[in-house]
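Structure first, then comments.
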Amino acid sequence: MITHSRRHCVVELQALPSRIGQIRRIVSAQLRHWELDPLIDRAALGVTELLSNVHRHAQPDKTCIVEIELRLGRLTVSVIDSDPRLPVLRETRAEALDTCGRGLALVAALSEAWGARQRPDGPGKAVWFSLTAAPHRAAPARPLPIRATPVREPARAVLLAVDPGAVAKGLPAASPVGARPG
C-alpha cells in the first residue's frame, strides 16, 4: 500500500528481494516529483541497504514500512519494522571479501545523519537517514546565438498554357495563362 501527501510518502511492504527494486523505483520517482534529482542515487542506495537489513535480520516477519519525508530542507528516509533489536554499526575494517555487514557503514557514509530508535507506539524500531535537500534546478536558459543568413527564394515558376490551334495559325508558341490573342 502506498500513501503520500505533498511532502510525505509511506509504503508498506514485505522486505523481500523482489520488492526492494520496486521500492527503489518508488523512492526515485517520488524524489523526481519533488525535484530532488541529485539525491536519488544516495536515497535509493540507502533504502536498499536498510531493506536488505530487514530481510536478513528482522524477526518475526519481514513486514515493514518505508517512509520518506521532506521537511525544512531535509529529506528523511525511514524503514520501520517489528523487530525490537536495534542495529549495530560494525567496524568499517570488514574483510575485503566479506559479502555483507557493511550496510549501516554505507548508510552512514552516504548520509548527513542516521540513527535508530525504538517505536513509541509498539514493538519494533525505525532506522533512518537524512540528506540535505536542495531542489534540482534546471540550468538557466541561455540565448542561443543564431547566425542570420539571408535566404534567397527560388525563382518562381511561370506557368504557360499553349493552345495547339493558335500555334497552327502563326501566333506565338506560348502565351501567358489567361492571355487572349490579339
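Quick rundown of the values:
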quantity	calculated
Calculated Rg and Dmax of the range 1-62 using C-alpha coordinates, Å	12.1, 37
Cα gyration tensor, the range 43-89 - rounded (a/c under 1.5), prolate or oblate	prolate
Area of residue 112 that stays accessible when all protein chains are in place (1.4 Å probe, Å², to 10)	100
Surface per residue (accessible, 1.4 Å probe) for the range 1-53, Å²	53
Area accessible to solvent at residue 56, 1.4 Å probe radius, in Å²	120
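The values are calculated or read from the model by the stated rules, or taken from the named source; none is laboratory data. These figures come from a predicted structure and were not determined experimentally. For accessibility, only protein heavy atoms count, side chains too; no ligands or nucleic acids. Shrake-Rupley method; radii C 1.70, N 1.55, O 1.52, S 1.80 Å.
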